[in-house]
Amino acid sequence: MKSRIYKDVHFDASHRLLHYQGKCANLHGHRWRAEVWMEGDVDEDTMILIDYNTIKTIIERFDHQIILNSDDPMVPCIEQFQTVVKTPGDPTSELLAQVIRDDLDRECRRLGISARTVAVRVWESDGCYAEIGNADL
């Protein structure tokens, strides 16, 4: 049986945009919101597409973290005191949506389940979000 599910997860994290000129070049925080749509074949035994907690766990790795471009010169300084979540570019809502999508799809393959990410929407604030779909669908 095919199914589509939705999960909404909030997390608090700080970031800065290394290649941006403006106030977002400064380290600052947001109450982020990630919305995820997934679809695929439901497991015949459990009748579950993917555990909602799996989605939540993948997204919550950002919770109460500092998220920085892996090339940011602040990384080694901050890592003296705490872990930094590093991204392969500036941690914009657009990039975080892509990272979350890719991490979810990778976890589904690892678990051997047929669920695929249809879309991820990452809200940076109440009025601003970025959304990415899955080009393989």
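No value in this document is a laboratory result; all are computed from the given coordinates. Treat the numbers as computed from the prediction; the structure is a model and nothing was measured. As a convention, Cβ positions derive from the backbone with ideal geometry for all residues, glycine included, and neighbour counts pool all protein chains shown.
Details
- A compact globular protein would have a Cα radius of gyration near 2.2 N^0.38 Å; the ratio found for the range 18-86 is 1.57.
- Options Gly127, Gln21, Thr83, ranked by Cα towards positive dipole end of the chain, top entry (Cβ charges): Gln21
- Length gained when the stretch Asp43-Ser125 is fully extended (0.36 nm per residue, less Cα-Cα span): 26.0 nm
- Lysines whose Cα lies under 22 Å from that of Lys56, excluding same-chain neighbours fewer than 8 positions away: Lys2, Lys7, Lys86
- What you get for the chain, charging only the Cβ of Lys and Arg (+1) and of Asp and Glu (-1), is a dipole of about 220 debye around the Cα centre.
- Percentage relative contact order, the chain, counting C-alpha pairs under 8 Å, at least six apart: 28
- Cα principal axis extents for the chain, largest first, Å: 49, 32, 24
- For the range 2-133, share of DSSP beta bridges that run antiparallel, in % to the nearest 5: 80
- As a rough guide to protection, the peptides 75-86, 114-125, 4-15 ranked by mean Cβ packing within 10 Å, highest first, stand as 114-125, 4-15, 75-86.
- Relative to the longest principal axis of the Cα atoms of the chain, the long axis of helix 93-111 lies at roughly 40 degrees.
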